[in-house]
Amino acid sequence: MKATGIVRRIDDLGRVVVPKEIRRTLRIREGDPLEIFTDREGQVILKKYSPIGELTEFANEYCESLNENTSYISIITDRDNVIAISGGSKKEFLEKRISPDLEKIVESRDTFITDEKNLPIKLLYEDESPEVYTAQVVCPIVMQGDPIGSLILLSKDKEKTMGNLEKVLLETASKFLAKQLEH
């Protein structure tokens, strides 16, 4: 564990403020759920909670199914990282931090699709060349009104375009995943 040198007191309601610098570094936003753990030495550990992370095996199977039926690269993210991928390089995507552009789409709760007006966006924070993907559909996963991640279809084939069919497919899949997480 890394020491920060920051000390905070617990108030009379049992609350403690997580310093802004730490929240920014760990990408913890207002309203984000945190898991609380304790260890044998009596340390309290706060961990950012990802509802989608609870379904990693299911998310992998879901990505595989989308890939098999569409032949597109399929990806599932939580609000911070890629958690499942099929049809593309796991090494390139899996557990990588999502880009600010993708974060904005997730926060907007609106489906993004590449077309004449919308060029492909960077998906990963470290991504240097989003134009390698010629077609994208990004659909936020919204559970109980809160954006918790996204479903993505990608293609590198210049001949392929994505339209309303792919958009409706991902919106349906997104709602299905959200319902699975609510149970």
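Mind listing whichever residues of the range 162-183 are closer than 13 Å to THR70 by Cβ, surrounded by 13 or more Cβ atoms within 10 Å (Cβ to Cβ) and touching a residue at least 12 places away in the same chain (Cβ under 8 Å)?
Correct list: MET162, GLU166, LYS167, LEU169, LEU170, ALA173.
Every residue, every condition in (1) more than 22 Å from the chain's Cα centre (by Cα); (2) modelled with pLDDT of 80 or more, yes or no:
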| position | (1), (2) |
| --- | --- |
| LYS2 | yes, no |
| GLY5 | yes, no |
| ARG8 | yes, yes |
| ASP12 | yes, yes |
| LEU26 | no, no |
| GLY31 | no, no |
| THR38 | yes, yes |
| ILE45 | yes, yes |
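Among LYS158, LYS117, LYS122, which is over 15 Å from ILE52 (Cβ atoms), in the same structural domain as ARG79 (by TED's automatic domain parsing), out of contact with any Phe, Trp or Tyr (no Cβ under 9 Å at 6 or more places or on another chain) and surrounded by 11 or more Cβ atoms within 10 Å (Cβ to Cβ)? Show your work before the answer.
Numbers: LYS158 fails: surrounded by 11 or more Cβ atoms within 10 Å (Cβ to Cβ); LYS117 fails: surrounded by 11 or more Cβ atoms within 10 Å (Cβ to Cβ).
One residue alone meets the criteria, LYS122.
Among the residues of the range 124-139, are any closer than 13 Å to ASN81 by Cα, aromatic (Phe, Trp, Tyr) and without any contact (Cβ under 8 Å) to a residue 40 or more places away in the chain?
yes
Hey, could you check the range 50-65 for residues that are surrounded by 15 or more Cβ atoms within 10 Å (Cβ to Cβ) and among the hydroxyl-bearing types (Ser, Thr, Tyr) and say which is farthest from GLU95 (Cα to Cα)?
Among those that are surrounded by 15 or more Cβ atoms within 10 Å (Cβ to Cβ) and among the hydroxyl-bearing types (Ser, Thr, Tyr), it is TYR62.
Sort through GLU68, GLU92 and tell me the only one that's without any contact (Cβ under 8 Å) to a residue 60 or more places away in the chain, of a type in the set (D, E, K, R) and exposed (fewer than 12 other Cβ atoms within 10 Å of the Cβ).
None of the other options fit; the residue is GLU68.
Scanning the range 139-155 for residues that are under 18 Å from ILE76 (Cβ atoms) and among the polar types (S, T, N, Q), which turns out surrounded by the fewest Cβ atoms within 10 Å (Cβ to Cβ)?
This residue is SER155.
Hey, any hits in the range 77-89 for a residue that's among the acidic types (Asp, Glu), touching an Asp or Glu at 6+ places or on another chain (Cβ under 9 Å) and farther than 15 Å from CYS139 by Cβ?
yes
So, in the range 132-183, exactly how many residues are in a strand (DSSP E or B) and hydrophobic (A, V, I, L, M, F, W, C)?
Residues in the range 132-183 being in a strand (DSSP E or B) and hydrophobic (A, V, I, L, M, F, W, C): 12 in total.
Using beta carbons and a limit of 7 Å, which pairs, at least six apart or on different chains, have the first residue in the range 29-42 and assigned to a loop (DSSP other than H, G, I, E, B) and the second one at pLDDT 80 or above and surrounded by 10 or more Cβ atoms within 10 Å (Cβ to Cβ)?
Between residues of the range 29-42 that are assigned to a loop (DSSP other than H, G, I, E, B) and residues that are at pLDDT 80 or above and surrounded by 10 or more Cβ atoms within 10 Å (Cβ to Cβ), the close pairs are ASP39/ILE45.
Yes or no: the range 62-72 includes at least one residue that is in a loop (DSSP other than H, G, I, E, B), among the hydroxyl-bearing types (Ser, Thr, Tyr) and modelled with pLDDT of 90 or more.
yes
The values are calculated or read from the model by the stated rules, or taken from the named source; none is laboratory data. For clarity, every value in this text was computed on a predicted model and none was experimentally measured. Positions of Cβ are generated from backbone atoms using ideal geometry, with glycine treated the same way; all protein chains shown enter the neighbour counts.
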